[in-house]
Amino acid sequence: MDVVPRRLKMVIALVLLAGAVVAAFTLPVPSPAELRNWAAGAGPVTALVFLAAYSVLTVAPIPRTVFNLAAGLLLGDVLGIVVAITATAVSGALGFGLARLVGRDLVSRHLERKVVRAVDERLADGGVLAVASLRLIPLVPFAPLGYCCGILSVRFRPYLAGTVLGSLPGTVAVVVLGDALTGGTPPALLACYGAFALAGALGLARIARGTAYVGRTGQPATLDPVREEIVRAEPTQHLRRVSEE
């Protein structure tokens, strides 16, 4: 009976993915100066309007850098950082939830494949550290990573915490150090990017060596925790029946 819903979810997932890709390549990305002019007309609610626009637009794979630059230019360093990281959390949560809603069933059937299972286990077992490490690497796109975590076995709370922690250094660096007026990239910002990428790579290396979470049992991640608990309970119930006989 669940064949039709699964097919429907596949259609919805493909349509949303195609729409996100088309939006990323066709929607004009405003410059910081254009955002400044737009925000000037918004009046005292500039921060709220900017927060909403940032949160919604970056659910599609649109670069966040221009929004972070504009946050510092429009709102100042402190408020700009607060608004930018809040919008980052909201956008990441929306992308994660959307992918989990329409795409998780599509991955469950492929979980036995070695590559898919390996990625799923590393991300799920790595938790906050895995997500934060990936977020620290500037070359890893923001929205697609959220989609990936949503369709795999990553839990929401570690994902959101890792997204905030991993995105915070880069967001602060862009808001504070980014040259929003000329669109240039100052050397200090490039140095920060390099340091963040190195930190992210070290975090991923730690997870790959299996030392990220000492004392964990290392059980493979699954998409159905209830089913896993039932399977674990079956041997105990069988032994109990044997002893009673």
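Looking only at residues of segment 182-195 that are within 17 Å of Leu139 (Cβ to Cβ) and open to solvent by 20 Å² or more (accessible area, probe 1.4 Å), we find that the one that is modelled with the lowest pLDDT is Thr185.
Inclusion of Leu94 among residues that are within 22 Å of Pro138 (Cβ to Cβ) and either without any contact (Cβ under 8 Å) to a residue 40 or more places away in the chain or surrounded by fewer than 22 Cβ atoms within 10 Å (Cβ to Cβ) (or both) is warranted. Restricting segment 72-88 to residues that are touching a Ser or Thr at 6+ places or on another chain (Cβ under 8 Å) and either under 13 Å from Ala173 (Cα atoms) or at pLDDT below 90 (or both) leaves a set whose member that is least open to solvent (accessible area, probe 1.4 Å) is Ala84.
Here is a yes/no grid of residues against (1) over 16 Å from Pro158 (Cα atoms); (2) assigned to a helix (DSSP H, G or I); (3) not basic (Lys, Arg):
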{"position": "Ala84", "(1), (2), (3)": "yes, yes, yes"}
{"position": "Gly95", "(1), (2), (3)": "no, yes, yes"}
{"position": "Arg100", "(1), (2), (3)": "no, yes, no"}
{"position": "Glu121", "(1), (2), (3)": "no, yes, yes"}
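As for segment 14-32, it holds no residue that is hydroxyl-bearing (Ser, Thr, Tyr), in a loop (DSSP other than H, G, I, E, B) and at pLDDT 85 or above.
For segment 154-181, the set of residues classified as surrounded by 21 or more Cβ atoms within 10 Å (Cβ to Cβ) and within 25 Å of Arg113 (Cα to Cα) consists of Val154, Tyr159, listed by residue number. Taken over segment 138-160, residues that are closer than 18 Å to Val102 by Cα and not hydroxyl-bearing (Ser, Thr, Tyr) amount to 12. Answer yes if at least one residue in segment 128-141 is small (Gly, Ala, Ser) and at pLDDT below 80, and no otherwise. The answer is no; no qualifying residue exists.
The values are calculated or read from the model by the stated rules, or taken from the named source; none is laboratory data. Note that this is a predicted model, so its numbers are computed, not measured. Here the Cβ is made from the backbone with ideal geometry for all residues, glycine too, and neighbour counts use every protein chain on show. Accessible surface is based on the protein model in full, side chains and every heavy atom, while ligands, DNA and RNA are left aside. Shrake-Rupley method; radii C 1.70, N 1.55, O 1.52, S 1.80 Å.
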